[in-house]
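Report on the following structure.
Here, each number is a calculation from the coordinates, and none is a lab measurement. These numbers were taken from a predicted model, which means no experiment stands behind them. Methodologically, a virtual Cβ is constructed for each residue, glycine included, from the backbone with ideal geometry; neighbour enumeration extends over all protein chains shown.
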Amino acid sequence: MGTKVYFSSWRGEKIDNRDKLSENWVESTYNFPVQYSASGNATAFVGWEGIALFRDDIDVVRLATEYASQYQKYSEACGRCAPGRWGGRILYDLFDKIARGDGDFSDLTHLKEVSETMMETSKCEIGKTVPVPLLILIKEFEEEFIKLIKNKTKSKDYDNNVNYNALVTAPCTDACPAHVDIPAYIEGVRDFRFDDSLKATRQTMPLAHTCGRVCPHPCETACRRTNIDEPISIMELKRIGADYETDHNLDFIHPVIQKAKNGKKVAVIGGGPAGLTGAYYLALDGIEVDLFEALPVLGGEVAVGVPEYRMPIDKYNQDIELVKSVGVNIYLNSWIDVNKMREFEKKYDAILVATGTRISKKVDCANERPEIQGYWGAIDFLDKINLYEKYGYKLTQEDRIKHNINNEYVDLTGKTIACVGGGFTSMDVVRCSIRAGAKRVIMLYRRDEATIIKNTTYEEYHEAVEEGVEFIFYSAVEKMIDEKDVLKHLHINKFKMQSDSNGGRPKLVKVHGGDFMIDVDYLIPAVSQSADLSLLPPEWNIELTSWKTIKTNGRDYMTSKRGVFAAGDVEYGPMTIVNAVGQAKRASSVISRFVQTGEISLTDNEIMEEHLRKLGVYNKKEKISGWLAGQKRSESEKLSVDERKTNNREVNFGFTAEEAISEAERCMRCYYISMVAR
Amino acid sequence: MKTKKDIKFFINDREVVAKAGETILNVARRENIYIPTMCYLEKVNPIASCRLCLVDVEGSKGSILSCQTKPTENIRVKTDSAHLYKQRQNIMKLYDVNHPLECGVCDKSGACDLQNKNIEFGIDCQDFAVKEPHRKIENWGKIQYDPSLCILCEKCVSTCNQAIGDDAIELKFGGYSSSVFLKNKNSKTLECSTCGECIAVCPVGALISTDFKYSSNIWELNKIIPSICSHCSAGCEINYEVKHSSTLNHESKIYRVTNDFENSSICGAGRFGFNFANNPHESNLKNKKFDEVVNALKKAETIIFNSQITNEEAFILQKLKEKLGLKLVNYEALNLQKFLNAFGRSSGETLPNGKIEDVENADQIIVVGSRIIVENPIVRYAMTKAFKNNRAFITYMHPVYEHLLHNVVRQFIRYEVGTEEGVIALLAEALLGQVLKFDLDVGYVSGETNVGEEELEKIFSIGKKSKKRVLIIGSDLIAHVKRENIARFLGVIQKFSNIRILLVPEESNSLGVAKICQLDEKESGNTVGYNMNGNYIISSLKNIGNFYIPALNQQEGTFINIDQKVKKLNVAVPFNGLSLNDIANKILNDKNKKQNTIEYTKNIFGIDFDSLENMQIESQEIEIDCNEMPHEISKLPTFDGTLVYNSRTFLEFNPFSAISQNVNINETVLIGSEQFATAGKISDGDEVEFEILGEKFRRKFKIDRNMRGVIALNPVFDKSLKSYLLSSIYKFQKVKIVKVAI
């Protein structure tokens, strides 16, 4: 790791190799984007916390001018405070004046003066940070500026063609797999412009209702507000725009005007978050999309996996309607097999596989035989519950016999359920079991409370505890015990954490004599899921990962077979909705260019996104200035335990108007601009 | 709602206390501690664009924005220091970048925030200049926008969105080339209610009134007359700004109307429709005329009048009735009296208990029988605020769909014309169903009214969750033939629930007239019209009638407004003739003669006009044995065919606003839906004719694609005094539309 630089100043680390031979250059510890893309290397990087020059012949004056100009160009999200708006313009004009050989010494004074005002008084971080690298350049390379001013000469690259690529991001946006423009949608809420808020979300995230409710919000862990008090409640602010659109029966608000049909056709296999997202952005781009879904309903795991109380289906259906509204052709009950895939290869310009991971993995215990009554895979269990709760599909006679259910829906009255898991799916299983009337619901988890919270969310875990789920930590099933193929008991091992005396990771060790038995009616394995890849024609030789998911490079999402793409859980393995959305958004962008030009490429913005992800945008040690600490995060009202545990009413009411505004006002709009010279 | 406690902290070493939700700036202002601002506006959420309100907090790194920061316990805030002064100075320097130095011809000069702040921070030259992009002046009808003068404080867009609800303008972000632009990109004109609040709140000369432009320097308008707007029942407080007409003509003239835009908003009719003073030629004011009017009254059997008059005028008319044994006829006010009487017998109180403030604070609002957007714009602004601030669930029940309300209203219910009695019955059932059972065939009524049971269920379920509920009742229900039974339903709603009922009276002073006058059912014999047609006409409408009297901006007097508050009108421009009081003095001829009209104020309210301030008419409890219950609903009427709705437009409420030279009278088009065009076999742009109450209308027809149903909006303000009759009847009228061959 680390980067070889000529000069860099970033986040307090200064590397100065100006008087050294290039073979003796000291490396910076930061991952600057030197290898910009396959097509070439970068010569310099400028960002909100400093600069990095990778060569000794950089035209720093032009570099400063371009950075100031990028701020002008990219400030469409801004222009909303006097210092940023006018200050940014002055910066650019003065740098350009010096660069073209018209500069005066007073210009340098003015630059410093304006920079100081911007840094102290701008509304958002972009205005506050743009002067930072510029001042470094002026300070560290003063003689270059003075030379031009004195000699009234143009800077050496002034008339040359140099590529500069810039990207505006924010710590939260960077941390979001779908790179949602979070500060923009929060600003929309703050300004009571809910339509603008929604439009900002939908630039990269079509499932605003859904991800405003059930996203694990990695963005909140990268929220700069944490540095002074608590992170913004980013996720909950997202649903406000979507709720507004739905509640007022508005026409769907699209982020861009849909392009005219360009004659290209793409097949999307799977109607879950990834498939829906891919279909939406492809259709917006003017591509004819046929979407195939095996189940009788759209939505994938979020529809048939995530319970109603957490993600009301009528809200998810709004997101689905949005996708339909751009003219995606939907084919339900359409199981795609190898023969169909072979047909599709001829019929379509590209195929996006987004079939998810729908096979429940085994617990890996003794006597784990699928034919034992009471052994019920989590995915199928949740399918059956949700297809009834949300769509009214009753259990078939066959299912009722197989799972010993005496009702037309999954009725667990009087039954004891044990679930093995620790992730979101297992939480859904146990909380649904409570709602299905189970007598006793047990979660068996190999690790501790802190880890389960880390793997899910604090809210999720605590709500489950409140509702009466028994969590048995440090436990695993040793053996299923049945009587004539009917599950009766589980033999459980108990573990403890043992720290490694050599300083390694602590290990789980079995507690001797800690074994015990529990009587159960059902064991639901919710350990993990794997992908059903039976649709891939063997002669395509599609490469797989060691996890038995479809392999791509994780950047353009093309499989080893040209024209066939994969996104979502089938590519990554069981992961979050927002991850699926992010992958599918990227894949749709690549596919759209591929079907029109025949080339696999990334846009400069996409390349920059990746570079910044590696460099790291959020700095949790940063001292924040200009904001008063101690402003509490708003908490939305939830249904009380008694009100929620027997039904499927949405648990979270969402913010009241007052809470939403006060939460949105806490957002510090941490936009940053970064630029690469090539 | 969580209870939040007060927060004690210090501003400039003084201990102060912030109440829940208050920001540092709020507290400072309350405590009279000065913090400069350019973008802060009391009536909207903090905008935070100007950055001038920066303050320092001990121990906190960097200056913080006082406008949007809520204080925490015991912080020590400093509002001023050499450092802060310097930062503010620097911000002002940036504001001055390229700001045109055209103060000499700028409408805002002398009352400009940019000028004021430059003076305050001692900025005497423009330190920075940059290349100026081309910026085109936009002409949006009554409003002009000059982007080069705009400082992008966002007051206008926030007001339009948060205080008014039109959401017609927004900011186009683009760094240095940011500007205000029309939200509907396909439109060249403003699609809004033309309230002109954007002009009012603009701190510089970027948004100005095209009418007022170049008509006067602001500092010359030194006569500022506080009064109230006379155009609707809101009775908004306004200022008439007055000076002489021209160098040669020294007669006073109103140049513009302004308002306290920091805290309140007014509508376009009030802001632009002020020029209706009656200044007749001297020859019309001779004593000969005086004898004529006295004789006309003595000969008459009936005085017909309307409710756009002061309480004092109404009182004098009542005196004349008593003295001369005349009939007093005012259909609209009589309907209101009947309505209120029935309401009183069932509720046990004389008046409905809702106020505009209740609308603002409500979390559930139901509007029935009113095109509220023009009947009382202030109620509509309160609805906007309730939605923005409390996310109130608003149900709008009216046969005419209101597109401009779509971003605040959650539920539009278009009921069948004429079925208002059924609608109210269903509402009462939905709102009181658990407390009180009515003998109601819900299936039948729901079918006839076209109000679905699911929609009512929604109103009911929202009602269960809501804490502050308001039911807004429009004049369609008072003009309705079944007004008394409607009133009974409303009476029991007020009696048996916590729902507040806000009645929107038809005219500016309907409540006053209904309180003061004993009205007769029908005119007979010789009639004298008081601002109405009759055999002899006494009128304050410019150049109309046989005898001229002062208009409402030429007299002192009082109104009772929608909030049942007594509001005072003042003389903005003089009237050089005689008033109703002078006529009455001649006729009454007794020792009770009054020198001035406003001496009657004491007779009405028991207090002198000059001492009257914020008087509230309290609702009285009525002694009744039992609350009268609504009667059973018999058959509901049906209206088939082409219907018009006699309605105001955004700028024209009545003949007075219409004759104000600043109001565009060419707007008298019939606006209808596509279905209306099909039903009437007409198309956009056709000339059509139809007749209501014997009055012939000839109008250009225009299709509004946002409208629905076989209904067209028909303005009546251009029908001079007849328009009062047309607007006080039930506004939906069945008409036969005839296309005029050209």
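Hey, what D do you get for the protein assembly as shown in µm²/s if you plug the Kirkwood alpha-carbon radius into Stokes-Einstein at 37 °C and 0.692 mPa s? Using the Kirkwood radius from Cα pairs, D works out to 91 µm²/s. Applying a DSSP loop filter and a limit of 16 other Cβ atoms within 10 Å to the GluC sites (Glu not before Pro) in the stretch A:561-661 leaves A:599, A:622, A:635, A:637. Here the stretch B:7-95 carries DSSP beta bridges of which approximately 80% are antiparallel, counting only pairs with both residues inside. What the Kirkwood sum gives for the stretch B:334-503 is a hydrodynamic radius of 15.7 Å, with every pair of different alpha carbons counted. Mind pulling up the Rg/Rh value for the stretch B:585-647? Radius of gyration and Kirkwood radius, both on Cα. Taking Rh as the inverse mean 1/r over Cα pairs, Rg/Rh reads 1.27. Shielding value for B:125-138 is 2, the average number of Cβ atoms from other chains within 10 Å of each residue's Cβ. Its residues counted as N, the stretch B:195-297 yields a C-alpha radius of gyration over 2.2 N^0.38 Å of 1.34.
The calculated Kirkwood hydrodynamic radius for the stretch B:648-742 is 13.7 Å, given to one decimal from all distinct C-alpha pairs.
Residue order for B:216, A:233, B:510, A:501, fewest other beta carbons within 10 angstrom first, comes to A:501, B:216, A:233, B:510. The ranking of A:555, A:400 from fewest to most other beta carbons within 10 Å of each one's beta carbon is A:555, A:400. Run the paramagnetic zone check for residue B:14: 7 angstrom along Cα to Cβ, then residues of the stretch B:31-48 with backbone nitrogen under 13 Å. From the stretch B:31-48, the list is B:31-35.
Of interest is the spacing of the C-alpha centroids, which for the stretch B:124-178 and the stretch B:588-605 amounts to 53 Å. The amide H of residue A:411, built 1.01 Å from its N in the peptide plane, has A:406 as neighbours under 5 Å, considering only residues 5 or more places off or on other chains. Mark the label point 7 Å from the Cα of residue A:161 along Cα→Cβ and return the residues of the stretch A:651-678 whose backbone N is within less than 20 Å of it. Backbone N within reach: A:676-678. Just check the stretch B:69-223 against the gyration tensor rule for me: Cα atoms, a ≥ b ≥ c as the square roots of the eigenvalues, rounded for a/c under 1.5, and otherwise prolate or oblate depending on whether a/b exceeds b/c. The shape class here is prolate.
Across peptide B:380-387, the mean count of Cβ atoms from other chains lying within 10 Å of each residue's own Cβ comes to 1. Here the spin labels are modelled as points 7 Å beyond Cα on the Cα-Cβ line, and at residue A:57 and residue A:321 they lie 6.2 nm apart.
On the principal axes of its alpha carbon atoms, chain A extends 96, 59, 55 Å, with the longest extent given first. Translational diffusion coefficient of the stretch A:218-263 (Stokes-Einstein, Kirkwood radius from Cα pairs, 20 °C, 1.002 mPa s): 157 µm²/s. The listed peptides B:613-624, B:135-146, A:260-271, ordered by packing as a protection proxy, come out as A:260-271, B:135-146, B:613-624 (highest mean of other Cβ atoms within 10 Å first). Give the Debye-formula value of log10 I(q)/I(0) at each listed q (0.16, 0.18 Å⁻¹), with one equal scatterer per alpha carbon of the stretch B:545-593, two decimals each. Treating every Cα as an identical point scatterer, log10 I(q)/I(0) equals -0.61, -0.73.
Whole-Hz Karplus values for the stretch A:644-661 come out as 10, 6, 9, 9, 10, 5, 4, 5, 9, 6, x, 6, 6, 4, 5, 4, 4, 5 Hz, taken residue by residue from phi with 6.51 cos²θ - 1.76 cosθ + 1.60 and θ = phi - 60°; glycine and proline positions read x.
Antiparallel beta bridges, as assigned by DSSP with both residues in chain B, represent about 55 percent of the total such bridges. The amide H of residue A:44, built 1.01 Å from its N in the peptide plane, has A:54, A:677 as neighbours under 5 Å, considering only residues 5 or more places off or on other chains. Between residue A:486 and residue B:322, the simple label model (points 7 Å from Cα in the Cβ direction) yields a spacing of 9.6 nm. Relative to one another, the C-alpha centroids of the stretch A:183-230 and the stretch A:11-69 are positioned 33 Å apart.
Over the stretch B:502-556, the alpha carbon radius of gyration divided by the compact-protein estimate 2.2 N^0.38 Å works out to 1.33. Pairwise inverse Cα distances across chain B, averaged and inverted, put the Kirkwood hydrodynamic radius at 28.0 Å.
Taking only the Cα atoms of the stretch A:386-438, the ratio Rg/Rh comes out at 0.97, with Rh defined as the Kirkwood radius. Taking every DSSP bridge with both residues inside chain A, close to 60 percent are antiparallel. Backbone phi angles across the stretch A:300-310, fed through the Karplus curve with coefficients 6.51, -1.76 and 1.60 (θ = phi - 60°), yield HN-Hα couplings of x, 4, 5, 7, 9, x, 6, x, 4, 5, 9 Hz in residue order; Gly and Pro are listed as x.
Each of A:547, B:219, A:48 has some number of other Cβ atoms within 10 Å of its Cβ, and from fewest to most they run B:219, A:547, A:48. Computed from the C-beta positions of residue B:299 and residue B:729 and an R0 of 25 Å, the FRET efficiency is 0.35 to the nearest 0.05. With 20 Å as the limit on Cα-Cα distance, the pairs of A:123/B:93; A:123/B:61; A:261/A:551; A:97/A:152; A:264/A:551; A:123/A:623 that go past it are A:261/A:551; A:264/A:551.
Our estimate of slack between residue B:224 and residue B:593, defined as 0.36 nm per intervening residue step minus the Cα-Cα distance, is 129.7 nm. Straight-line reach from residue B:567: taking Cα to Cα under 18 Å and skipping same-chain neighbours fewer than 8 places apart, the lysines in range are B:355, B:515, B:602.
Measuring between their Cα centroids, the stretch A:107-138 and the stretch A:476-506 lie 60 Å from each other.
Sorting the segments B:99-105, B:151-157 by their mean number of nearby beta carbons within 10 angstrom, highest to lowest, gives B:151-157, B:99-105. When the Kirkwood radius is taken over all Cα pairs of the stretch A:360-529, what Stokes-Einstein diffusion coefficient follows at 25 °C and 0.890 mPa s, in µm²/s? Approximately 148 µm²/s, per Stokes-Einstein. Shown in residue order for the stretch B:150-164 are the 3J(HN,Hα) couplings computed by the Karplus curve 6.51 cos²θ - 1.76 cosθ + 1.60 at θ = phi - 60°: 6, 9, 6, 6, 6, 4, 5, 5, 5, 5, 4, 7, 9, 9, 9 Hz (x for Gly and Pro). From the Cα gyration tensor of the stretch B:7-95, with a ≥ b ≥ c the square roots of its eigenvalues, which class applies: rounded if a/c is under 1.5, or else prolate if a/b is larger than b/c, or else oblate? Since a/c reaches 1.5 but b/c is at least a/b, the shape of the stretch B:7-95 is classed as oblate.
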